[in-house]
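The values are calculated or read from the model by the stated rules, or taken from the named source; none is laboratory data. The model shown is predicted, which means the values in this text are computed figures rather than measured ones. Because the Cβ atoms are built from the backbone with ideal geometry, glycine has one as well, and the counts that use them run over all protein chains shown.
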Amino acid sequence: MLSVKIENILSKLGINPKNESVCTGKQWLTALGSETISIISPVDGKKIADVTLASTTEYEKVIQQSQLAFDNWKKVPAPKRGEVVRQIGNKLRENKEELGALVSYEMGKSLEEGLGEVQEMIDICDFACGLSRQLYGLTIASERKEHIMMEQWHPLGAVGIITAFNFPVAVWAWNAMIAAVCGDVCIWKPSEKTPLSAIAVQNIIRPVLINSNIPEGVFNIILGDFRIGEKMAKDTRIQLISATGSTKMGKRVSQLVASRLGKSILELGGNNALIITDDADLKNALKAAVFGSVGTAGQRCTSIRRLIIQNTIYDKFIAQLVKIYKQLNIGNPLNKQNHIGPLIDKIAVSNYQNAINEAENQGAKILYGNKVLKGKGYESGCYVLPTLIEAQNHLKIVQEETFAPITYIMKYNTLKEAIAMQNDVKQGLSSAIFTNNLKEAQYFLSHSGSDCGIANVNIGTSGAEIGGAFGGEKETGGGRESGSDSWKAYMRRQTNTVNYGNDIPLAQGIKFEI
Ligand code: NAD
């Protein structure tokens, strides 16, 4: 259990959301907006704070400040920008416990996962700092005599970062730390469901921004709902919109950004499957199946939504799974004894109930779960039993992402059949197989295997490391963030050709004599 009181954490992190709705890095501006929202913790149903949403006037101030900042920030050498990011990582290290606890209390994920989310921010700071000395371009052999071609990467401009409630702080860091070393300025619109964790991050990094004397307007934050998000998507002063959230949101944002020919990175919903073959280590497969399905109460974009199990082990596996589900502790996520915390709010609880009813109406069979918990410790009304449903892949409800701990279970005969089933959904984020058979594993990873952005062997679908490029295909949006060469999306590529000879030959051998 958390030893410090949440009031002390709020005070230590300087949370004062009634008076502050936008920050241009070092300074919070006085809130001018008249709309407020109350932030209620799904953990105990208590109000944590009221937040004032930013007005149009404040939005303008932030955007203008970011434009001024970009002119200076892009001129700072990349390794020096990396040094600022390194210091941000250190500040996060110093405040890891408080921030992790606030994330857990505001969003409802377990304290372990809240701390893990902050660790992910620290990791990406380290990664981005190293990257600041590795923003490599290419040299290219020219077909023309005494010419050289090369590729350079320049800062892009302003990056709008729209984030979802389920990773209230890490997704900002994935984007902002990379964007910052690339020489961009960032405008963050956190989820209106979890703004306090975002305010805390801004306060944690402010001393670094003040002491390192970087221009005001490099790391901006605007508190608002979808209306601010749409404003950003339409704003031609924001070169790149990186939006994380539902596919519905992504479709709207991508249209708005495309209509002005802006750039976007879209990280949207998933419908992730785990295939379990009869060659699998079943003990590990069970662990992965349970954590992937119920971790973060099923509110990860990479949560397991579908278990596709070989018919020869199906009955045995399901029996063991149900047995483990019955032993899971559900309750306050700040208590380490509990495996599962609450859903984010009562709307999410209704979505859970509706999905289960739909599944039954469509002919699926509930194996376990289907209950909203009541009584002591469950006063917020956001705690539910994780649910296992035997279903067929083509059912309409199985084809959708329900952001709750509901797992659909289905049987397969051949691996080809399992992979076809796995790929037969609109989303394409994460996927995994459990098998000790090398041929099966390799087939799953081949061009005829998983069609997802993430494909794992002998681990679950969730819990990605920051070193790899993160994102998915199809209706998941096609974006990539975080590691590998994802940084390229935050820069503009320039191809240069330099002639150091005495003639001026044309490419393709074209002659033009004058
Ligand atoms: P959401 O789509 O409701 O909201 C996400 C963010 O988008 C919020 O900041 C919201 O204010 C903003 N937004 C909503 N409508 C908008 C619009 N029309 N224009 C601009 N901005 C708008 O999602 P959520 O409920 O916060 O998060 C859950 C969803 O996010 C799930 O679908 C989950 O799979 C997805 N998700 C995806 C990833 C990924 O990396 N692929 C990561 C986390 C969450």
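Structural remarks
- Residue among THR52, THR36 that is crowded, with 17+ Cβ neighbours inside 10 Å and β-branched (Val, Ile, Thr): THR52
- Unique match (being hydrophobic (A, V, I, L, M, F, W, C), farther than 22 Å from ASN423 by Cβ and surrounded by fewer than 18 Cβ atoms within 10 Å (Cβ to Cβ)) among ILE324, ILE318: ILE324
- Those strands (runs of 3 or more DSSP E) lying entirely in segment 240-293 with at least 3 residues at pLDDT 95 or above and within 13 Å of the ligand (Cβ to nearest atom): 240-244, 263-267
- The lone criterion from (1) within 30 Å of ARG480 (Cβ to Cβ); (2) of a type in the set (Val, Ile, Thr); (3) surrounded by 22 or more Cβ atoms within 10 Å (Cβ to Cβ) left unmet by ILE340 is number (1).
- Output for segment 370-415, where each listed residue is small (Gly, Ala, Ser) and away from the ligand (no atom under 16 Å from the Cβ): GLY375, GLY377, SER380, GLY381, ALA391
- Given (1) in a loop (DSSP other than H, G, I, E, B); (2) of a type in the set (Gly, Ala, Ser); (3) under 25 Å from the mean Cα position of the chain (by Cα), index of the condition GLY375 fails: (3)
- Of the residues screened, GLY160 is one that is within 16 Å of the ligand (Cβ to nearest atom), more than 26 Å from LYS12 (Cα to Cα), in contact with a helix residue (DSSP H, G or I) (Cβ under 9 Å, 6 or more places away or on another chain) and part of a strand (DSSP E or B).
- Of all residues in segment 180-213, those that are outside any helix (DSSP H, G or I) and modelled with pLDDT of 95 or more total 13.
- All of (1) within 11 Å of the ligand (Cβ to nearest atom); (2) surrounded by fewer than 24 Cβ atoms within 10 Å (Cβ to Cβ); (3) not β-branched (Val, Ile, Thr) hold for ASN211 with one exception: (1).
- Checked against the criterion of being of a type outside the set (S, T, N, Q), in contact with a strand residue (DSSP E or B) (Cβ under 7 Å, 6 or more places away or on another chain) and surrounded by fewer than 20 Cβ atoms within 10 Å (Cβ to Cβ), the candidates LYS80, LYS96, LYS47 yield just one match: LYS47.
- Residues that are under 18 Å from CYS125 (Cα atoms) and among the small types (Gly, Ala, Ser) within segment 470-508 comprise SER482, GLY483, SER484, SER486, ALA489, listed in sequence order.
- Test set (1) under 15 Å from the mean Cα position of the chain (by Cα); (2) assigned by TED's automatic domain parsing to the domain that holds ASP123 - GLY472 fails condition number: (2)
- One residue alone among ALA404, ALA432 is within 24 Å of the chain's Cα centre (by Cα) and assigned to a loop (DSSP other than H, G, I, E, B), and that residue is ALA404.
- Exactly one residue out of GLU120, GLU216, GLU146, GLU112 is among the charged types (D, E, K, R), on the phi > 0 side of the Ramachandran plot and either more than 15 Å from the ligand (Cβ to nearest atom) or at pLDDT 95 or above (or both), and it is GLU146.
- Among the candidates ASP184, ASP126, the residue that is within 30 Å of GLY298 (Cα to Cα), away from the ligand (no atom under 16 Å from the Cβ) and in the same structural domain as GLU230 (by TED's automatic domain parsing) is uniquely ASP126.
- Selection within segment 163-179: residues that are assigned to a helix (DSSP H, G or I) and of a type in the set (Val, Ile, Thr). The member of this set that is farthest from the ligand (Cβ to nearest atom) is ILE178.
Conditions tested, residue by residue: (1) within 21 Å of the chain's Cα centre (by Cα); (2) of a type in the set (D, E, K, R).
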| position | (1), (2) |
| --- | --- |
| SER197 | yes, no |
| MET232 | yes, no |
| ASP235 | no, yes |
| GLN255 | yes, no |
| SER259 | no, no |
| GLU267 | yes, yes |
| ALA273 | yes, no |
| ILE276 | no, no |
